[in-house]
Amino acid sequence: MPNQELRVLSPTAILGYGFPEESFKRALDRKPHVIAVDAGSSDPGPYYLGSGKAFTNRAFVKRDLRYMLVAGRKLNIPVIVGTAGGSGAEPHLKWCYDIIMEIAKEEGLSFKMAVIPSDVSKEVVRRAIRAGTIESLSFVPPLTEEALDATTNLVAQLGPEPLVQALQDGAEVVLAGRCYDPANFAALPLLLGYDEGLAIHMGKILECGAIAATPGSGADCAFATLTDHSFILEAPNPKRQFTIASAAAHTLYEKSNPYELPGPGGILDLRHCSFTDIGNGRVEVQGSRHIRTDPYKVKLEGARPVGYRSISIAGVRDPIMIASIDQILEQVSAQVRSMGSENRGQVFFHVYGRDGVMGSGEIRLKTQWQSQKPYELGIVIESVAPTQEEAETLTSVTRSTLLHYGYEGRISTAGNLAFPFSPSDISMGTVYEFSVYHLMPIDDPVQFPGSKGRKMLTVDKGRIL
């Protein structure tokens, strides 16, 4: 069991979200042993994975990475980036790799870099489908070969093992594809023999930076000190602090079970976990356990195109129209359908001010809404069709029909909608949906089957030696 403390710096919730320079400098004064960051998430939806595009801004990703890489080389500590480019597929990994190489050239940095893809061969997954070893997550239909074939980018959520191996092989910078969020922060502790449960739980909280502090922020640093029996959380920014409530609440972030948090190859057991306020905005966490599972399973993520989208954003302020908005939208939909039976698309109305966020999942009863009617509503008209032109046509005709629709009790004939933008219709491009969101067992978490394999590169001021 390690006798020394291990200090871990998480600069920001997601690479490219930014952080105050002063917070980062304060954290560096604590002499961290590793700088690690989560660079992505599936939260922004399937478009970014399917299209191969990043959801973070390149200029700010480069800004954050510059601070991290320069500090890492100055302190001679590893810098670890997981879920590169937002979704961690091959195009995202290449995008982030190019930024790192630019910084190395501009700053004159030299280092040994491990590049770890997480893309999975469709043939490997196809064999698993036929063998019956693919497992659906809750509310996810069984994976079919048809859905697999239509998938553009397919990744596996890596555990910490490939990152641990990269550090063991001497990597000073680790750039990885899609990762289990805590993996980036747990890799060095696991290499050095720290407790799995503590290391992974620490990573679970650090992966969102200062969101887990009070007041929370996704654009600020978090810092942890790991020992053989606990880890201590603190915020380098004096305007923030960790509390028992903030640390415990973030432990439950994105989890449905308060005691068991599943991940690649195991489950984080929090039944005996404790949170203690030790003063000065610091919280000590103890008792976390990691239980390994057999077989080792990874989550697969993939997205496929399903059409094209066009939208129009409008406001409604007539109380007569607001009182009958459901019937009016149904009547407008029927009229649009009657005018174009050949149209292959679908129209959706998102009514903000009532249930635009939750949709059919909104728990407020309609009777409650009727008794507390807002004085204005925001309506997003969304059309999805097989081609962009069809989607634009459907949005246009729906928007114009709703704009001039003669609903019961209508007084003004000048138009029913207020448009904040001109042009009023926006083409959104290809629509993607998650086509793969399943578990697959693997034999080797370091060299999992179907991966294109990792590379160890020697970078000298932007050149590969």
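Considering only the range 327-378, how many residues are within 23 Å of Ser396 (Cα to Cα), more than 30 Å from the chain's Cα centre (by Cα) and either modelled with pLDDT of 85 or more or not charged (D, E, K, R) (or both)?
17
Of the conditions (1) crowded, with 18+ Cβ neighbours inside 10 Å; (2) at positive phi, Gly279 satisfies every one except a single condition; which number is it?
Status for Gly279: all satisfied but (1).
Regarding the range 238-252, can at least one residue be identified that is in contact with a strand residue (DSSP E or B) (Cβ under 6 Å, 6 or more places away or on another chain), in a loop (DSSP other than H, G, I, E, B) and of a type in the set (Ser, Thr, Tyr)?
yes
Residues in the range 412-426: is at least one in contact (Cβ under 8 Å) with a residue 60 or more places away in the chain, within 27 Å of the chain's Cα centre (by Cα) and assigned by TED's automatic domain parsing to the domain that holds Arg309?
Step one: list which residues in the range 412-426 are in contact (Cβ under 8 Å) with a residue 60 or more places away in the chain, which gives 412, 416-421, 424-426.
Among the residues that remain, those that are also within 27 Å of the chain's Cα centre (by Cα) are: 426.
So of that shortlist, the ones also assigned by TED's automatic domain parsing to the domain that holds Arg309 come out as 426.
Yes, that holds for at least one residue.
Please state which of the following conditions Leu188 fails to meet, knowing it meets all the rest: (1) crowded, with 24+ Cβ neighbours inside 10 Å; (2) part of a loop (DSSP other than H, G, I, E, B).
Single failed check for Leu188: (2).
Looking for whichever is outside the structural domain of Pro162 (by TED's automatic domain parsing), touching a strand residue (DSSP E or B) at 6+ places or on another chain (Cβ under 8 Å) and free of Cβ contacts under 8 Å to residues at least 12 places away in the same chain here; the options are Gly429, Gly406, Gly359. Which one fits?
On the way: Gly429 fails: free of Cβ contacts under 8 Å to residues at least 12 places away in the same chain; Gly406 fails: touching a strand residue (DSSP E or B) at 6+ places or on another chain (Cβ under 8 Å).
From the options Gly429, Gly406, Gly359, the qualifying one is Gly359.
From Ser51, Ser41, Ser23, grab the single residue that is more than 23 Å from Leu233 (Cβ to Cβ) and of a type in the set (S, T, N, Q). So that I can check it myself, show each step before the final result.
Values: Ser41 fails: more than 23 Å from Leu233 (Cβ to Cβ); Ser23 fails: more than 23 Å from Leu233 (Cβ to Cβ).
Criteria check complete, one pass: Ser51.
Give the residue that is modelled with the lowest pLDDT, with candidates limited to residues of the range 227-250 that are within 17 Å of Asp181 (Cβ to Cβ) and among the hydrophobic types (A, V, I, L, M, F, W, C). Let's see the steps before the verdict.
Initial filter on the range 227-250 (within 17 Å of Asp181 (Cβ to Cβ)): 231, 233, 247, 249-250.
Filter again for among the hydrophobic types (A, V, I, L, M, F, W, C), leaving 231, 233, 247, 249.
Values: Phe231: 98, Leu233: 98, Ala247: 95, Ala249: 91.
Here the answer is Ala249.
Give the residues of the range 379-392 that are touching a residue at least 40 places away in the same chain (Cβ under 8 Å), out of contact with any His (no Cβ under 8 Å at 6 or more places or on another chain) and surrounded by fewer than 18 Cβ atoms within 10 Å (Cβ to Cβ), sorted by residue number.
Passing the criteria: Pro386, Thr387, Gln388.
Surrounded by 14 or more Cβ atoms within 10 Å (Cβ to Cβ) and assigned by TED's automatic domain parsing to the domain that holds Ala199: is that true of His290 in this structure? Explain how you work it out, then say what you get.
On the way: surrounded by 14 or more Cβ atoms within 10 Å (Cβ to Cβ): yes; assigned by TED's automatic domain parsing to the domain that holds Ala199: yes.
Judged against the criteria, His290 is a match.
Results for (1) hydrophobic (A, V, I, L, M, F, W, C); (2) surrounded by fewer than 19 Cβ atoms within 10 Å (Cβ to Cβ); (3) closer than 30 Å to Phe348 by Cβ, shown as yes or no for each residue.
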site: Arg240; (1), (2), (3): no, no, no
site: His250; (1), (2), (3): no, no, no
site: Glu254; (1), (2), (3): no, yes, yes
site: Leu268; (1), (2), (3): yes, no, no
site: His272; (1), (2), (3): no, yes, no
site: Lys299; (1), (2), (3): no, no, yes
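The values are calculated or read from the model by the stated rules, or taken from the named source; none is laboratory data. What you are looking at is a predicted structure, and each value in this text was computed from that prediction instead of being measured. Cβ: placed from backbone, ideal geometry, glycine included. Neighbour counts: every protein chain shown.
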